[in-house]
1. Kindly indicate the residue of segment 15-42 that is part of a loop (DSSP other than H, G, I, E, B) and open to solvent by less than 50 Å² (accessible area, probe 1.4 Å) and also modelled with the lowest pLDDT among those meeting that condition.
2. What single numbered condition from (1) of a type in the set (A, V, I, L, M); (2) open to solvent by 60 Å² or more (accessible area, probe 1.4 Å); (3) modelled with pLDDT under 95 fails to hold for L11?
3. Condition test on V119, is it more than 15 Å from L4 (Cβ to Cβ) and in contact (Cβ under 8 Å) with a residue 40 or more places away in the chain?
4. Among the residues of segment 74-98, which ones are within 19 Å of V51 (Cβ to Cβ) and over 16 Å from the mean Cα position of the chain (by Cα)?
5. Test T106 against the stated conditions and say whether it is free of Cβ contacts under 8 Å to residues at least 40 places away in the same chain and farther than 29 Å from S122 by Cβ.
6. Could you run through segment 43-90 and say how many residues are assigned to a strand (DSSP E or B), of a type in the set (D, E, K, R) and farther than 20 Å from R101 by Cβ?
7. Could you check segment 71-90 and list, in sequence order, the residues that are surrounded by fewer than 22 Cβ atoms within 10 Å (Cβ to Cβ) and closer than 15 Å to E46 by Cα?
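The values are calculated or read from the model by the stated rules, or taken from the named source; none is laboratory data. In this text, all values refer to a predicted model and were calculated from it rather than measured experimentally. Here the Cβ is made from the backbone with ideal geometry for all residues, glycine too, and neighbour counts use every protein chain on show. Ligands, DNA and RNA are stripped out before the accessible areas are found, and what is left, the full protein with its side chains, is counted by its heavy atoms. Shrake-Rupley method; radii C 1.70, N 1.55, O 1.52, S 1.80 Å.
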Amino acid sequence: QVQLVESGGGLVQAGDSLRLSCAASGRTFSSYTMGWFRQAPGKEREFVVIVNWSGYTSYADSVKGRFTISGDNTKNTIYLQMNTLKPEDTAVYYCAARVSRVPSRTPSDYDYWGQGTQVTVSS
């Protein structure tokens, strides 16, 4: 069993930055694909970025160049650095883990989810 706990969300203005954290317990990341997804009110949950521990990363076009995923194996934590935030980035952000090194952008392919952290960007 894996537990994921996100933190770092908040209310910011357009153009600001935030860093989200996702701390995992129960297992290590070495065989997993990790991802950040988000869900805005009235919308489907959508892919933001994924990484597996062979180093493969993939970003949604809407965040490419502004968001960066990173990880710290010693802390079993992944991070999402979000720069130049826009109002359309407003959503609940979720960390997810897939018990496979095969990357996927599909939320239903992920086995474990955190509780989510709210990010609100005002214009």
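1. Once the filter is applied, the top-ranked residue is F29.
2. Status for L11: all satisfied but (3).
3. Yes.
4. Hits for segment 74-98 are T74, K75.
5. No; evaluated as a whole, the condition is false for this residue.
6. Matching residues across segment 43-90 total 1.
7. E88, T90
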